[in-house]
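Structure first, commentary second.
Every read-out reported here was derived from the displayed coordinates using simple, explicitly stated rules and does not represent laboratory data. Since this is a predicted model, take the numbers as computed values, not measurements. With ideal geometry, Cβ positions are generated from the backbone for all residues, glycine too; neighbour counts draw on all protein chains shown.
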């Protein structure tokens, strides 16, 4: 049974303020990276325990972190369905498209993952949300919603065993809808794992570590594969959270010094999203003023320019 357990916390000077940062032991990192480990479920429980500490903490950049993980999951999803878009192309599709315009097939896959991380975990099995996520990924939802909802509810019975919940749901979805193995099943697995662990919002993990073809594995092997995936992905997510939280701390430190009128909503946007486009609009900020603010924030080390381009720039933590 997978239960999360608290780990020792980091007390170094560079620990993000206000965040209880887990100290990841070397044995756990080695175990997560190993191709085989005697007790993968134990490693997964320890890794999810470390992640749980951050998820329940007061992270200033919590939503930006989840959106960054959603971007990574969407890029892997595109690979699985043989689309060429990578993280850069997906970020462009979203950040450089005007509200209401079509972001394209790959952009809609990213929107599905962003739905996962932006809506409360308890609502992810709702009919409207399921339909929106499935159709965004390019699949028909008609006649499938009721079955998927029932599978998620059954998997949710594993209230104290996140790996068992993910395994149960993954097998059920892939058996009834084999075409869902690449994107939909992993997306829904992350939803039930969040419910099993009592998280307010889901964290994309299933796709971030591991190869395709898990549905063909024997049941004992599948459980070990899923446990290994969550162990690796959880540790990567912890590392990313710590990095982004440090950057958020720097941003919040310089925020009171910003003299530009309307700067605070821009600062908040960086804390709530993976990236902000140079063409974004904020009340009280002219385009020129916004560009000057971005330049100022980059010079202060509070945000980064993510594209390396001279135009159509995109900024983020």
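Which length gain, in nm to one decimal place, applies between residue 26 and residue 304 when the Cα-Cα distance is subtracted from 0.36 nm times their residue separation?
97.0 nm
Starting from the exponent 0.38 and prefactor 2.2 Å, build the expected Rg for the chain from its residue count and divide its actual Cα Rg by it.
Here the answer is 1.01, to two decimals.
Computed over the Cα atoms of region 194-317, what is the convex hull's projected area averaged over all directions, in nm²?
Reported value for the Cα convex hull: 10.2 nm².
Distance between the C-alpha centers of region 122-181 and region 240-257? Whole Å please.
Here the two parts' Cα centres lie 36 Å apart.
Could you tell me how many cubic angstrom of Cα convex hull volume region 258-316 has per residue?
Roughly 76 Å³ of hull volume per residue.
How far is helix 127-136 tilted off the main Cα axis of the chain, in degrees rounded to 10, range 0 to 90?
80 degrees
One-quarter of the Cα convex hull surface for region 16-94, in nm²?
With the hull built on Cα positions only, its mean projection is 7.2 nm².
Could you sort 226-235, 284-293, 172-181 so that the peptide with the highest average Cβ count within 10 Å comes first and the rest follow in order?
Listed from highest to lowest mean packing, they are 226-235, 172-181, 284-293.
Normalised by the number of residues in the chain, what is the relative contact order in percent for Cα pairs under 8 Å and 6+ residues apart?
Across the chain, relative contact order equals 22 percent.
Relative to the longest principal axis of the chain, what angle (0 to 90°, nearest 10) does the C-alpha long axis of helix 104-118 take?
Result, in degrees: 80.
Students often check this: by mean Cβ neighbours within 10 Å, which of 310-316, 184-190 ranks highest, and how do the rest follow?
Answer by packing, highest mean first, reads 184-190, 310-316.
Looking at the P(r) of region 136-209, how many percent of alpha-carbon pairs lie beyond 19 Å?
It works out to 28 percent of all Cα pairs.
Ordered by packing density, taken as the mean number of other Cβ atoms within 10 Å over each peptide's residues, highest first, how do 66-76, 265-275, 96-106 rank?
Going by the mean number of other Cβ atoms within 10 Å, highest first, we get 66-76, 265-275, 96-106.
Kindly express, to the nearest 10 degrees and within the range 0 to 90, the angle between helix 184-197's C-alpha long axis and the longest C-alpha principal axis of the chain.
90 degrees
When the scattering of region 85-221 is computed by the Debye formula from its Cα atoms alone, each counted once and equally, what is log10 I(q)/I(0) at q = 0.16 Å⁻¹?
One equal scatterer on each Cα of region 85-221 leads to -0.81.
Tell me the mean residue ellipticity at 222 nm calculated for the chain from its helices only (DSSP H runs of n ≥ 4, each -39500 (n - 2.57), averaged over every residue, nearest 500).
Value at 222 nm, helices only: -18000 deg cm²/dmol.
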